[in-house]
Amino acid sequence: TGKIIVDNQQIDLDFEKWRKSVGYVPQNIFILDDTIEKNIAFGVDKKSINIEKVKNAARIAGISEFIENELEKKYETIVGENAIKLSGGQRQRLGLARSLYEEKQILILDEATNSLDKNIENQIINNIYDMKNKTIILVTHNQLILKRLPKVLYFDKGKLNLERN
């Protein structure tokens, strides 16, 4: 029992509506054996894909330079089975771009940057931090990232506590 309150407004507990408002980026990303474009616009019919949204999501996720400068077919590059053509960090950034393309109100990042080098991780955290009108829930063990956040929830002996930075 209880309430879920986001930005001082009680969330309507219509679970279907709730699920549609939440984007989730896990540590291990499922990648289709398809193009980068189709992996970012996951589940969207090819004719309905907004390429500018794809490119913007890739930019925020820190993978657009790789796609546009290093891949001959750019967003039309097929990544291969289990994304064999991508590194672990590139797969994570592709998964992040996917969640950004969907423009969800709430974004849960579950260790979504742990395969990235620190410079790229910082760039992505800066890009995410600059996004407006989103609630970001970041699950991480990285103390440097935690220090940058305005509120940190942590578990201590099974109890949830709030720490303000």
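The values are calculated or read from the model by the stated rules, or taken from the named source; none is laboratory data. Only a predicted model underlies this, so the values are computations on that prediction, with no experimental measurement involved. Every residue, glycine among them, receives a Cβ derived from its backbone with ideal geometry; neighbour counts consider all protein chains shown. When the accessible area is computed, the model is the full protein with side chains, heavy atoms only, and any ligands, DNA or RNA have been set aside. Shrake-Rupley method; radii C 1.70, N 1.55, O 1.52, S 1.80 Å.
Among the numbered criteria (1) under 25 Å from Asp34 (Cβ atoms); (2) over 16 Å from the mean Cα position of the chain (by Cα), which single criterion is violated by His141?
Result: His141 passes all but (1).
For every residue, the table says whether it meets (1) buried (at least 20 other Cβ atoms within 10 Å of the Cβ); (2) touching a residue at least 24 places away in the same chain (Cβ under 8 Å); (3) more than 21 Å from Asp130 (Cα to Cα); (4) among the polar types (S, T, N, Q).
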{"site": "Ile4", "(1), (2), (3), (4)": "no, no, yes, no"}
{"site": "Trp18", "(1), (2), (3), (4)": "no, no, yes, no"}
{"site": "Ser64", "(1), (2), (3), (4)": "no, no, no, yes"}
{"site": "Ile67", "(1), (2), (3), (4)": "yes, yes, yes, no"}
{"site": "Arg91", "(1), (2), (3), (4)": "yes, yes, yes, no"}
{"site": "Ala97", "(1), (2), (3), (4)": "yes, yes, no, no"}
{"site": "Leu100", "(1), (2), (3), (4)": "yes, yes, no, no"}
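Exactly one of these conditions fails for Asp110: (1) at pLDDT 80 or above; (2) open to solvent by 80 Å² or more (accessible area, probe 1.4 Å). Give me its number.
(2)
Within the bounds of the stretch 50-73, is there any residue that is outside any loop (DSSP other than H, G, I, E, B) and either in contact with a strand residue (DSSP E or B) (Cβ under 7 Å, 6 or more places away or on another chain) or modelled with pLDDT under 80 (or both)?
Within the stretch 50-73, not a single residue is outside any loop (DSSP other than H, G, I, E, B) and either in contact with a strand residue (DSSP E or B) (Cβ under 7 Å, 6 or more places away or on another chain) or modelled with pLDDT under 80 (or both).
Where residues in the stretch 1-41 are out of contact with any helix residue (DSSP H, G or I) (no Cβ under 8 Å at 6 or more places or on another chain) and of a type in the set (Ser, Thr, Tyr), which of them is farthest from Ile60 (Cα to Cα)?
Restricting to residues being out of contact with any helix residue (DSSP H, G or I) (no Cβ under 8 Å at 6 or more places or on another chain) and of a type in the set (Ser, Thr, Tyr), the top hit is Thr1.
What are the pairs, 6+ residues apart or on separate chains, where a residue within the stretch 26-45 that is among the hydroxyl-bearing types (Ser, Thr, Tyr) has its Cβ under 9 Å from a residue that is surrounded by 14 or more Cβ atoms within 10 Å (Cβ to Cβ)?
Every condition considered, the pairs that remain are Thr35/Tyr75; Thr35/Thr77; Thr35/Ile78; Thr35/Val79.
Got at least one residue in the stretch 83-105 being in a helix (DSSP H, G or I), among the hydroxyl-bearing types (Ser, Thr, Tyr) and under 20 Å from Ile36 (Cβ atoms)?
Yes: one or more hits.
Here's the yes/no breakdown for (1) in contact with a Ser or Thr (Cβ under 7 Å, 6 or more places away or on another chain); (2) farther than 21 Å from Glu68 by Cβ; (3) hydrophobic (A, V, I, L, M, F, W, C):
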| position | (1), (2), (3) |
| --- | --- |
| Gly89 | yes, no, no |
| Leu96 | no, no, yes |
| Lys104 | yes, yes, no |
| Glu111 | yes, yes, no |
| Asn119 | no, no, no |
